[in-house]
Each structure stands twice: as C-alpha cells, then as structure tokens.
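Enquirer: Let me begin by handing over the structure; questions about it come next.
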Amino acid sequence: MNTSYRGEIENLYKKLIAAWNNRDAQGMANQFTELGVQIGFDGSKVIGKKEILLHLEPIFEQHPTAPFIAKVKDIRLLGTDVAILHAIAGMIPPGKTDIEPKVNALQTLVAVKKDNEWRVELFQNTPAQFHGRPELVEEMTDELQQLLR
C-alpha cells in the first residue's frame, strides 16, 4: 500500500496546529473543506470554512490562546481519499514554560482528498482528563513534555 499519504496528512495537521499557534484564524479555516466541521475543547461545533473563520477570529483577538504541543499517534486510510489522524496535545499557558495537564487533549482529524489535495473534514479536540485515572494524565503530560526538550 502507498504510504505517501501519511506525510501529506501529517503535514495538513501540522499546518492546522501551526495556524492555531500563530493565532491565524484564516490559516486554520483554509485547511478545512467548504463544509468541514470543527469541534472545540468546550464542545463548540462550527460547520464550514466561513463559520470556522468567524468563530476563531474573536477568540484570537480577545484571548491569549496557549500554543499546542502535539504528537501524532496514528494515521490510517479509511478509503482511497479519506484518512483519519489521532494525536495527543497539550498546551503551555501564556507566561509558563510547562504543559498544563488540565487542558491535555486527544485530537482527531478526518481528512478527505479532493482535487488532489487533502483538506480537513473534521477536527475534534477532546479533553483528556481521564477521570479517576491521574496516572494516564501524568503519562500523557510526560510524553508531551519530552517534545519540549
């Protein structure tokens, strides 16, 4: 099986994360399909490039958003033109140097290939709080913290 898609999907994800880290609403929105869906950490669901842009602009303008530290865990094809990526992510709050475990997340990206180009159909950022299992929070934080070294 052709594995070149893995690099393309990972690159798409990295562009999405870089746009967040650069507080670039347009850059994030541009990674989505016309009817792509973004589900945020708080459960906000936004559909379509235009709505994603309108949702993100005030967030970046009004809040000191923390950058993501992310690690891709798995990428696989679901068909010839659909793939899914799973990643873990942490954030370093403004003024801090370490990852804040309370906002660790599991991220899922579903990508589709249209006109020979991969775009985000769904990006979901889900809290990874692991209720009652603090060792899993610590394990994830340690794994992400290693990326900072």
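Enquirer: Across segment 89-116, what is the total count of residues that are closer than 22 Å to TYR5 by Cβ, modelled with pLDDT of 95 or more and in contact with an Asp or Glu (Cβ under 9 Å, 6 or more places away or on another chain)? If you could, list the steps in order and put the result at the bottom.
Expert: Within segment 89-116, the subset closer than 22 Å to TYR5 by Cβ is 89, 106-116.
Keeping just the survivors that are modelled with pLDDT of 95 or more gives 89, 106-113.
Going one step further and asking which of them are in contact with an Asp or Glu (Cβ under 9 Å, 6 or more places away or on another chain), we end up with 109-113.
Qualifying residue count for the region: 5.
Enquirer: Just to be sure before I move on: is THR65 of a type in the set (Val, Ile, Thr) and farther than 16 Å from TRP118 by Cβ in the structure I sent?
Expert: On the way: of a type in the set (Val, Ile, Thr): yes; farther than 16 Å from TRP118 by Cβ: yes.
The answer is yes for THR65.
Enquirer: Report, by residue number, each residue of segment 48-95 that is over 17 Å from TRP20 (Cβ atoms) and buried (at least 18 other Cβ atoms within 10 Å of the Cβ). So that I can check it myself, show each step before the final result.
Expert: Of the residues in segment 48-95, the ones over 17 Å from TRP20 (Cβ atoms) are 48, 50, 73-84, 86, 95.
Once the filter is applied, which keeps residues that are over 17 Å from TRP20 (Cβ atoms) and buried (at least 18 other Cβ atoms within 10 Å of the Cβ), segment 48-95 yields ILE75, ALA83.
For every residue, the table says whether it meets (1) of a type in the set (Phe, Trp, Tyr); (2) touching a Lys or Arg at 6+ places or on another chain (Cβ under 8 Å); (3) at pLDDT 95 or above; (4) farther than 17 Å from MET91 by Cα.
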residue: ASN2; (1), (2), (3), (4): no, no, no, yes
residue: ILE17; (1), (2), (3), (4): no, no, yes, no
residue: ASN22; (1), (2), (3), (4): no, no, yes, no
residue: THR33; (1), (2), (3), (4): no, yes, yes, yes
residue: PHE41; (1), (2), (3), (4): yes, no, no, no
residue: ILE52; (1), (2), (3), (4): no, no, yes, yes
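Enquirer: Quick one: how many residues across segment 103-120 are among the charged types (D, E, K, R) and either surrounded by 13 or more Cβ atoms within 10 Å (Cβ to Cβ) or closer than 12 Å to LEU85 by Cα (or both)? Even if it seems obvious, please write down each step before you answer.
Expert: First, the residues of segment 103-120 that are among the charged types (D, E, K, R): 113-115, 117, 119.
Then keep just the ones that are either surrounded by 13 or more Cβ atoms within 10 Å (Cβ to Cβ) or closer than 12 Å to LEU85 by Cα (or both); that gives 113, 119.
The total comes to 2.
Enquirer: How many residues does segment 1-47 hold that are of a type in the set (Lys, Arg), crowded, with 16+ Cβ neighbours inside 10 Å and without any contact (Cβ under 8 Å) to a residue 12 or more places away in the chain?
Expert: Residues in segment 1-47 being of a type in the set (Lys, Arg), crowded, with 16+ Cβ neighbours inside 10 Å and without any contact (Cβ under 8 Å) to a residue 12 or more places away in the chain: 0 in total.
Enquirer: Let me ask something else about it. Read through the list (1) closer than 30 Å to TYR5 by Cα; (2) modelled with pLDDT under 95; (3) touching a Leu at 6+ places or on another chain (Cβ under 9 Å); (4) of a type outside the set (Asp, Glu), then give the number of the only condition that ALA70 fails.
Expert: The one condition ALA70 does not meet is (2).
The values are calculated or read from the model by the stated rules, or taken from the named source; none is laboratory data. Worth saying up front: this structure is predicted, and the values here are computed from it rather than measured. Cβ atoms come from the backbone with ideal geometry, glycine included; neighbour counts cover every protein chain shown.
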